[in-house]
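To start, the structure itself, in structure tokens.
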Amino acid sequence: MLKAMTIASVNMDQATNSPIIILKEVEGDQTLPIWIGLLEATAIASEIEGVKFSRPMTHDLLKNIMDQVDIKINKIEICDLKDNTYYALIHLTNRGKAITIDSRPSDAIAIALRARSPIFVSEEVLRKSRQIDAVRGAEADDKSDQGKKWQDILEKLNPEDFGKYKM
């Protein structure tokens, strides 16, 4: 089953100094953090903020081409998580024919934003993500006072605590 998601934020992970996108369930409280590249974060953030460039960027160009050849983006789906890597599918329609294209989640999200298409995440991906978080939490479970202090800090973190990604 798929869960409709929205972009809660695009942040910088202060620990890794990498961009991170936080997806949030539309009708629920589940979230999904996905670490992405700087260029993709720029593409996503610029579309969210309504920044227009003098020339089309790559995702804009792809969307313009699809519009010209009558390809409709129906939805994107974050469909799998393997070895800490997320996988996505872009579901398209061209002349009544359904087409599914493999994609990185960051590119799929950047295109979906431009096409005003919905974003979905499979329940299996959400489950796998929670399992990874649980394993990381168990590995970080240090019984020392310093370990307890850090565990307390980490458990209280919210997506907003990472700081908004600035363009």
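Can you find even one residue in the stretch 45-52 that is hydrophobic (A, V, I, L, M, F, W, C), in contact (Cβ under 8 Å) with a residue 60 or more places away in the chain and part of a strand (DSSP E or B)?
Checked the stretch 45-52: no residue is hydrophobic (A, V, I, L, M, F, W, C), in contact (Cβ under 8 Å) with a residue 60 or more places away in the chain and part of a strand (DSSP E or B).
Taking only the stretch 17-42 into account, find how many residues are in contact with an Asp or Glu (Cβ under 8 Å, 6 or more places away or on another chain) and among the aliphatic types (A, V, I, L, M).
The number of residues fulfilling the criteria is 1.
The conditions are (1) over 15 Å from residue 4 (Cα atoms); (2) outside any strand (DSSP E or B), and residue 124 fails exactly one of them. Which is it?
Status for residue 124: all satisfied but (1).
Tally the residues that are part of a loop (DSSP other than H, G, I, E, B) and touching a residue at least 12 places away in the same chain (Cβ under 8 Å), restricting the search to the stretch 7-41. Can you show your working first?
First, pick out the residues of the stretch 7-41 that are part of a loop (DSSP other than H, G, I, E, B): 14-17, 26-30, 36-37.
Restricting the remaining residues to those that are touching a residue at least 12 places away in the same chain (Cβ under 8 Å) gives 14, 16, 26-28, 30, 36-37.
The number of residues fulfilling the criteria is 8.
Scan the stretch 121-128 and give yes if some residue there is of a type in the set (Asp, Glu), more than 22 Å from residue 11 (Cβ to Cβ), under 19 Å from the mean Cα position of the chain (by Cα) and surrounded by fewer than 21 Cβ atoms within 10 Å (Cβ to Cβ), otherwise no. Working first, answer last.
From the stretch 121-128, those of a type in the set (Asp, Glu) are 123-124; that's our starting set.
Imposing the further condition that a residue be more than 22 Å from residue 11 (Cβ to Cβ) reduces the set to 123-124.
Pick out the ones that are also under 19 Å from the mean Cα position of the chain (by Cα) and you get 123-124.
Among the residues that remain, those that are also surrounded by fewer than 21 Cβ atoms within 10 Å (Cβ to Cβ) are: 123-124.
Scanning the stretch 121-128 turns up at least one residue that is of a type in the set (Asp, Glu), more than 22 Å from residue 11 (Cβ to Cβ), under 19 Å from the mean Cα position of the chain (by Cα) and surrounded by fewer than 21 Cβ atoms within 10 Å (Cβ to Cβ).
Step by step: first the residues of the stretch 42-68, then only those that are over 11 Å from residue 114 (Cβ atoms) and modelled with pLDDT of 95 or more, then the one that is surrounded by the most Cβ atoms within 10 Å (Cβ to Cβ). Which residue is that?
Of everything passing the filter in the stretch 42-68, 65 is surrounded by the most Cβ atoms within 10 Å (Cβ to Cβ).
Of the numbered conditions (1) under 24 Å from residue 26 (Cα atoms); (2) without any contact (Cβ under 8 Å) to a residue 12 or more places away in the chain, residue 105 satisfies every one except a single condition; which is it?
Evaluating residue 105 over (1) under 24 Å from residue 26 (Cα atoms); (2) without any contact (Cβ under 8 Å) to a residue 12 or more places away in the chain leaves (2) as the failure.
Report yes if residue 74 is of a type in the set (S, T, N, Q) and part of a strand (DSSP E or B), otherwise no.
For residue 74, the condition - of a type in the set (S, T, N, Q) and part of a strand (DSSP E or B) - is met.
Kindly indicate which of 81, 61, 113, 89 is closer than 19 Å to residue 23 by Cα and outside any strand (DSSP E or B).
Being closer than 19 Å to residue 23 by Cα and outside any strand (DSSP E or B) holds for just one of 81, 61, 113, 89, which is 113.
How many of the residues in the stretch 5-19 are surrounded by 14 or more Cβ atoms within 10 Å (Cβ to Cβ) and closer than 19 Å to residue 122 by Cα?
Number of matching residues: 3.
The values are calculated or read from the model by the stated rules, or taken from the named source; none is laboratory data. Keep in mind the model is a prediction, meaning the values are calculated, not measured. When we count neighbours, we look across all protein chains shown, and the Cβ atoms used for this are built from the backbone with ideal geometry, even at glycine.
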